[in-house]
Amino acid sequence: MAKHLQLGRDGEVLAKAHLEKNGYEILDENWTFGKAEIDIIAYKHKVIIFTEVKTRTGNSFGEPEDFVDNRKQRLLADAADEYIYLMNHQGEVRFDIIAILFDKTGNYILNHIEDAFWPSAT
């Protein structure tokens, strides 16, 4: 497996463990719709949380969360709309980012940004 793909998978495992440790129920992982993939879909306090996980080994080009641009947000929103429709969810939703930054020794910092964005209409 390519190194960057393994890094992403490692980040998703850490993000899932973080969410579960904090009382979130994991509904789905790597859920796709069209060109969009939602890394983790969680549920807590009657809210569905669509979570984008960004994992990097350095921040010289920006923090991991900086890579969730407007285009990515629109794709996530489209996929979230479909998921909400399929699940007939009538409650609140939220978009979170979990940013994970590894250093050269394998240590990491995990930053869970709740309500990180609200996708604008296209």
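Could you list Thr105, Thr51, Thr57, Thr32 so that the one with the fewest beta carbons within 10 Å of its beta carbon is first and the one with the most is last?
Numbers: Thr105 6, Thr51 27, Thr57 16, Thr32 11.
Neighbour counts put them in this order, fewest first: Thr105, Thr32, Thr57, Thr51.
Pairing the Cα long axis of helix 70-87 with the longest principal axis of the chain, what angle in degrees results, from 0 to 90 and rounded to the nearest 10?
50 degrees
Quick check: net charge around Glu63, other residues with Cβ under 11 Å of its Cβ, Lys/Arg +1 and Asp/Glu -1? Before the final figure, lay out the partial values.
On the way: positive: Lys54, Arg56; negative: Glu65, Asp66.
It works out to a net charge of 0.
At Phe33 and Glu82, where each label point lies 7 Å from the Cα along Cα→Cβ, what is the point-to-point distance in nanometres?
About 0.7 nm, to one decimal.
Hey, got a sec? Which trypsin sites (Lys or Arg not before Pro) in region 72-122 land in a DSSP loop and have at most 13 other Cβ atoms within 10 Å?
Listed in order of number, the matching sites are Lys104.
Using Cβ counts within 10 Å as a stand-in for footprinting exposure, how do Arg9, Arg56 rank, fewest first?
Final ranking by Cβ density, sparse to dense: Arg9, Arg56.
What ranking of Lys16, Lys54, Lys44 emerges when the number of other C-beta atoms within 10 Å of each C-beta is taken as an exposure proxy, fewest first?
Going from least to most buried by this count: Lys44, Lys16, Lys54.
Using only helices, what value at 222 nm comes out for the chain when you add -39,500 (n - 2.57) per DSSP H run of length 4 or more and divide by the total residues, to the nearest 500 deg cm²/dmol?
On the way: 2 runs with 37 residues, N = 122.
Roughly -10500 deg cm²/dmol at 222 nm, from the helical runs in the chain.
So how far, in whole Å, is the C-alpha centre of region 2-51 from the one of region 61-109?
Rounded to whole Å, the Cα centres lie 8 Å apart.
For Lys44, list the aspartates and glutamates whose Cα falls under 17 Å from its own Cα; do not include residues on the same chain fewer than 8 positions away.
The qualifying aspartates and glutamates are Glu20, Glu25, Asp28, Glu29, Glu52, Glu92, Asp96, Glu114, Asp115.
Based on the Cβ-Cβ distance from Ile26 to Thr105, what FRET efficiency comes out when R0 is 41 Å, to the nearest 0.05?
0.90
In a GNM of the chain with a 10 Å cut-off on Cα contacts, which of Leu86, Leu76, Leu110 has the highest mean-square fluctuation?
Of Leu86, Leu76, Leu110, the most mobile in the Gaussian network model is Leu86.
For the chain, what is the convex hull volume of the alpha-carbon atoms per residue, in Å³?
Convex hull volume per residue, Cα atoms: 111 Å³.
Quick one: work out the % antiparallel among DSSP beta bridges in the chain, nearest 5.
Working: 18 of 28 bridges.
The antiparallel proportion sits near 65 percent.
At 0.36 nm per residue, minus the direct Cα-Cα distance, what do Gln90 and Phe61 gain on full extension? Give it in nm, one decimal, please.
Extra length from Gln90 to Phe61 when fully extended: 6.5 nm.
Please determine, in degrees from 0 to 90 and to the nearest 10, the orientation of helix 3-21 with respect to the longest principal axis defined by the Cα atoms of the chain, where the helix direction is its Cα long axis.
60 degrees
Any read-out appearing in this document is the output of simple, stated calculations on the displayed coordinates, not a laboratory observation. Remember, predicted model here, so these are calculated numbers, not experimental data. Heads up, the Cβs are rebuilt from the backbone with ideal geometry, glycines too, and the neighbour counts pull from every protein chain shown.
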